[in-house]
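**Q** Quick one: the structure is below, and I'll ask about it shortly.
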Amino acid sequence: MNQSITSPTLDTLFKRSLARQPEALALVDPINKQRVTGQTRKRLTYAQADRAISAIAAHFVESGLPANTVIAVQLPSTIEFALTVLAAYRVGLVVAPLPLLWRQAELTSVLNRTAARAIVTCGRIDGVSYADIAMNAAAEAFSIRHVCGFGTDLPEGMASLDDAILQDSRTSRPMIQDGRKPALISFDVTSEGFRPVPRAHFGLIAGGLAMSLESDLAQGATIMSAFAPMSFAGICSSLVTWLLSGGTLVMHHPFDEEAFETQFNEHACDTLIAPAQLALRLDECGLSERLPTLRNAIGLWRTPEQVASSAHWTSRRVTMTDVYLFGEAGLFGARRSAEDGSPALIKPGPHSAPREAPGASIAGEILLTPKGTLGLRGPMVPVAAYAPPPPPGDNLIAPPPRDYVDTEYAARVDRATGAVNITAPPSGVMTVGGYRFLAQELQEWARRLGQGALLTALPDRLSGHRLAGRAQDNARARDALTELGLNPLMVEAFRERSGTGMP
């Protein structure tokens with residue numbers, strides 16, 4: 001194959017910026033990294049980042065991980081996340097991002113389903129020993145051969161990637177950088193259950209382009225990313241937008257308002273990528289005036305049904321782009337009105353990026369399904385991953401293939417405007433922040449706690465839902481859920497409440 005005609009990978013994009021500006025600032029750690037992981041904050045130029053990427057990639061090769069191997073990555077929004085993912089892509093590995101909320105139960109399930117051969121994590125994140133979680137999950141996953149970590153006091157048997165960077169090995173293997181090769185396996189929850197969603201490099205780049213072109217992200221931008229990176233949208237909104245701009249990625253571990261503002265101004269960031277509700281809250285508080293270099297805000301909506309009724313954007317100096325997220329299926333962006341800051345009307349059919357530019361490339365297509373739900377198709381949308389299961393029974397005739405993904409979000413077209421109104425999230429699927437799970441799982445978890453235990457999800461404007469639990473002994477319920485390997489959202493549903501009536 002002639003490499004000159006292949007589509008780029010994320011490593012290709014990085015090397016383009018490296019060749020053009022090796023001494024330019026590439027990556028910046030959160031200002032509060034010492035608190036988050038116990039590690040010293042770093043700032044890397046493209047040349048320094050390249051050496052670290054090559055050293056980590058060499059460690060992967062020397063560990064015996066062949067090309068197309070799946071490695072699981074559970075890291076905070078720090079430089080180590082970017083270095084690890086790009087190192088994996090440099091030697092042809094496939095990354096499975098694991099959200100920080102996931103604990104042993106979810107980790108073990110994902111590791112077994114992907115046949116992952118390695119895990120990369122941090123020793124501690126926000127006071128929690130993720131190294132121990134990874135080691136315990138690896139013990140239950142037969143495919144795992146290597147557990148790697150950043151930070152100090154790593155347990156025995158966990159290889160230090162900080163040491164690998166210091167050793168600066170040059171071991172490599174020849175790779176054809178082809179954007180059609182597999183890059184990512186993320187995990188979604190639909191009404192039919194937990195679902196792996198694989199993507200090639202070009203799908204990731206398409207997602208990043210949909211954001212950066214619609215928001216008119218400048219070349220050489222200094223981007224503050226305050227969105228958790230462990231998902232398709234998280235990687236697109238941090239790693240991919242940075243690589244497409246060829247600028248500087250300033251990372252923020254969500255969310256510390258004081259650290260955020262200090263770091264934003266310290267690096268004179270011009271672009272903010274954050275959860276949309278956070279961006280709107282900052283706008284309402286007039287924080288954009290305290291961020292004098294801010295010119296471009298990109299707000300990501302995990303609850304896209306709430307965009308149309310959201311507050312108008314008030315800052316006239318800063319543009320705001322809404323990015324609608326549909327789990328791991330796909331996304332699209334729409335810049336807000338420059339006149340009154342209202343959300344843009346979303347109409348069915350092909351949408352370009354930028355949306356109103358004549359002759360712009362088609363980023364995807366929005367459609368209404370026969371079920372009255374929103375469908376997506378386009379270069380970033382992995383249709384095969386969401387293919388419906390075969391019908392039950394002895395029918396040997398396969399159903400016709402579907403060329404779109406049904407997001408399961410209820411939607412209708414407004415007769416007056418022709419715009420699509422997203423009216424409700426998927427039935428039976430709960431969303432707490434970025435964590436999605438089936439409603440029936442709540443009853444299963446409560447059942448394990450014994451008679452009288454109750455666990456429920458309540459509607460929440462900011463995060464979709466919030467969890468509340470009741471048991472005869474809340475402290476014992478928390479301990480039991482922790483022992484089951486469930487994540488802190490479930491455990492803290494049984495937290496002790498004060499008499500103020502606050503949830």
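**Q** Return the pair list, or none, for Cβ contacts closer than 8 Å from residues in the range 373-393 that are modelled with pLDDT of 85 or more to residues that are open to solvent by less than 30 Å² (accessible area, probe 1.4 Å) and among the polar types (S, T, N, Q), at least 6 apart or on different chains.
**A** Listed pairs, sorted by first residue: Thr373/Thr407; Leu374/Thr407; Gly375/Thr369; Gly375/Thr407; Leu376/Thr407; Tyr386/Thr190.
**Q** Mind counting the residues in the range 243-265 that are in contact (Cβ under 8 Å) with a residue 60 or more places away in the chain and among the hydroxyl-bearing types (Ser, Thr, Tyr)?
**A** The qualifying residues number 2.
**Q** A further question follows. Test Glu356 against the stated conditions and say whether it is modelled with pLDDT under 90 and in a helix (DSSP H, G or I). Spell out how you get there, then give the answer.
**A** Values: modelled with pLDDT under 90: yes; in a helix (DSSP H, G or I): no.
No, not satisfied.
**Q** Based on this model, can you work out whether Ile144 counts as open to solvent by less than 10 Å² (accessible area, probe 1.4 Å), of a type in the set (Val, Ile, Thr) and touching a residue at least 24 places away in the same chain (Cβ under 8 Å)?
**A** On the way: open to solvent by less than 10 Å² (accessible area, probe 1.4 Å): no; of a type in the set (Val, Ile, Thr): yes; touching a residue at least 24 places away in the same chain (Cβ under 8 Å): yes.
When the stated conditions are applied, Ile144 does not pass them.
**Q** Just need a number here: residues in the range 178-199 that are aliphatic (A, V, I, L, M) and open to solvent by 20 Å² or more (accessible area, probe 1.4 Å). Talk me through it step by step, then tell me what you get.
**A** Of the range 178-199, the ones aliphatic (A, V, I, L, M) are 183-185, 189, 197.
If we keep only those that are open to solvent by 20 Å² or more (accessible area, probe 1.4 Å) too, we end up with 185.
Selection size over the range 178-199: 1.
**Q** In addition: Taking Leu249 as the residue in question, decide whether it is touching a Leu at 6+ places or on another chain (Cβ under 8 Å), over 30 Å from Ser109 (Cα atoms) and crowded, with 23+ Cβ neighbours inside 10 Å.
**A** Numbers: touching a Leu at 6+ places or on another chain (Cβ under 8 Å): yes; over 30 Å from Ser109 (Cα atoms): yes; crowded, with 23+ Cβ neighbours inside 10 Å: yes.
It is true that Leu249 is touching a Leu at 6+ places or on another chain (Cβ under 8 Å), over 30 Å from Ser109 (Cα atoms) and crowded, with 23+ Cβ neighbours inside 10 Å.
**Q** Still on this model: Just checking: which of the helices (runs of 4 or more DSSP H) contained wholly in the range 1-74 hold 3 or more residues that are within 21 Å of the chain's Cα centre (by Cα)? Write out each step before concluding.
**A** On the way: elements: 10-20, 33-37, 46-62.
Where helices (runs of 4 or more DSSP H) fall fully within the range 1-74 and carry at least 3 residues being within 21 Å of the chain's Cα centre (by Cα), they are 10-20, 33-37.
**Q** While we're here: Which number in (1) of a type in the set (Lys, Arg); (2) surrounded by fewer than 17 Cβ atoms within 10 Å (Cβ to Cβ); (3) within 14 Å of Met211 (Cβ to Cβ) marks the one condition that Lys371 misses?
**A** (3)
**Q** Let me ask another. Residue check, Thr40 against (1) free of Cβ contacts under 8 Å to residues at least 60 places away in the same chain; (2) surrounded by 16 or more Cβ atoms within 10 Å (Cβ to Cβ), all met but one. Which one?
**A** (2)
**Q** Determine the pairs where a residue that is touching a residue at least 60 places away in the same chain (Cβ under 8 Å) and surrounded by 16 or more Cβ atoms within 10 Å (Cβ to Cβ), located within the range 338-354, has a partner that is part of a loop (DSSP other than H, G, I, E, B) and among the acidic types (Asp, Glu) with Cβ atoms under 7 Å apart, the partner being 6 or more residues away or on another chain.
**A** Pro354/Asp216
**Q** Could you list, in sequence order, all residues of the range 205-246 that are under 19 Å from Gly327 (Cβ atoms), assigned to a helix (DSSP H, G or I) and open to solvent by 10 Å² or more (accessible area, probe 1.4 Å)?
**A** Passing the criteria: only Ala206.
**Q** Related question: Please go through (1) surrounded by 18 or more Cβ atoms within 10 Å (Cβ to Cβ); (2) small (Gly, Ala, Ser); (3) without any contact (Cβ under 8 Å) to a residue 40 or more places away in the chain for Ala311 and return the number of the only condition it doesn't satisfy.
**A** So the condition that Ala311 fails would be (1).
**Q** Still on this model: Can you name the condition, by its number, that Arg16 falls short on among (1) at negative phi; (2) at pLDDT below 95; (3) of a type outside the set (S, T, N, Q); (4) open to solvent by 20 Å² or more (accessible area, probe 1.4 Å)?
**A** (2)
**Q** I would also like to ask the following. Looking at the range 164-214 only, could you name the residues that are farther than 30 Å from Asn296 by Cβ, touching a His at 6+ places or on another chain (Cβ under 9 Å) and of a type outside the set (Lys, Arg)?
**A** Within the range 164-214, Ala164, Ile165, Gln167, Ser169, Thr171, Asp178, Pro182 meet the criteria.
**Q** Select, from Thr9, Thr78, the only residue that is modelled with pLDDT of 95 or more, of a type in the set (S, T, N, Q) and more than 17 Å from Ile223 (Cβ to Cβ). Explain how you work it out, then say what you get.
**A** On the way: Thr78 fails: more than 17 Å from Ile223 (Cβ to Cβ).
It is Thr9.
**Q** Note down all Cβ pairs under 7 Å where the first residue falls in the range 266-281 and is in a helix (DSSP H, G or I), the second is open to solvent by less than 10 Å² (accessible area, probe 1.4 Å) and of a type in the set (Asp, Glu), and they're at least six residues apart or on different chains.
**A** Ala276/Asp322
The values are calculated or read from the model by the stated rules, or taken from the named source; none is laboratory data. These numbers were taken from a predicted model, which means no experiment stands behind them. When we count neighbours, we look across all protein chains shown, and the Cβ atoms used for this are built from the backbone with ideal geometry, even at glycine. Areas reflect the complete protein model, heavy atoms only, side chains present, ligands, DNA and RNA absent. Shrake-Rupley method; radii C 1.70, N 1.55, O 1.52, S 1.80 Å.
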